[in-house]
Structures are given as structure tokens and as C-alpha cells.
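Trainee: Once you've had a glance at the structure underneath, I'll fire off some questions.
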Amino acid sequence: MKYETHCDRDIPSEGLVHLGEICCEYDTLVKFFGQPLDGNGITSLTAEWHILFQVGSKQCVANIYDAYSVKKGEKQFWDITGTSKDSYRFIRELLNDYIESEEEEFEDDDDGRED
């Protein structure tokens, strides 16, 4: 799966429907999708990412945003809108893979005991 974000090119975000939510940290989204947009002048949006997915000949768009406030360093809920259910599925796949590898690294860390 390939993807580009608003950091790479202009990605239209009109006509998207709400697909669900994810729970993760702001910094995780920045690692994957770059610095967010500032909410495009909509006062309730504090951070927003536009993502274009390309899988074979199929394309779909997803937006991730927080309509309340960004709590850096804390997990929080983020809304996802998109052009299809695949938009939501692709976001989940990307972030779930990252979270799983992050947990594996944590489990391999030193347990604090002296050898």
C-alpha cells in the first residue's frame, strides 16, 4: 500500500463521510503523516491530516482530525472521514502495525534487573 499526505501534494477533502475513530497519540500521527494542517480555518479543528492511499489501481482519501483539542503525549480519540470504508481500514492497518512493533520493542527492552 502506498500513500501520500497533504505534505506531499494537495489532496481534496470535500464530500468525505465519517467512518469511525482511532485512539492514538498525536506524535504517532506526526511520525506517519507529517505535521498536521491547522484545521483549514474551521475553529473547532485543531489538527488535521489528509491522506491519499493507492492500492493497485484503486485510490481512496482519508482525513484524520480532532475537533476538540490536541493533547500531546497522551492517547486521544481522532475522527476519520473518507471516500470509502477502505480509507478507515488502511489507516487502522498502518497504525496497528506501528503500535504492534512499538510494543515488541518495549518487551525486548532491559527489564531493569542487573545481569
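Trainee: Order by neighbour count: PHE90, PHE77, fewest other Cβ atoms within 10 Å first, most last.
Mentor: So the ranking, lowest neighbour count to highest, is PHE77, PHE90.
Trainee: Can you pull the one-decimal nm distance between simple spin-label points at GLU74 and LYS2, each 7 Å off the Cα toward Cβ?
Mentor: For GLU74 paired with LYS2, the spin-label model returns 4.0 nm.
Trainee: Within 10 Å of each residue's Cβ, count the other Cβ atoms and sort CYS23, CYS7 from fewest upward.
Mentor: Ordered from fewest to most neighbouring Cβ atoms within 10 Å, CYS23, CYS7 come out as CYS23, CYS7.
Trainee: Enumerate by residue number the trypsin sites (Lys or Arg not before Pro) in segment 1-75 meeting two conditions: DSSP loop (anything except H, G, I, E, B), and at most 16 other Cβ atoms within 10 Å of the site's Cβ.
Mentor: ARG9, LYS71, LYS72
Trainee: Counting Lys and Arg as +1 and Asp and Glu as -1, what is the net charge of the other residues whose Cβ lies under 10 Å from the Cβ of GLU48?
Mentor: For residues surrounding GLU48, the net value is -3.
Quick note: the coordinates plus some simple rules give every number you see, no bench work behind them. Bear in mind the structure is a predicted one, so any value in this text is a computation, not a measurement. Every residue, glycine among them, receives a Cβ derived from its backbone with ideal geometry; neighbour counts consider all protein chains shown.
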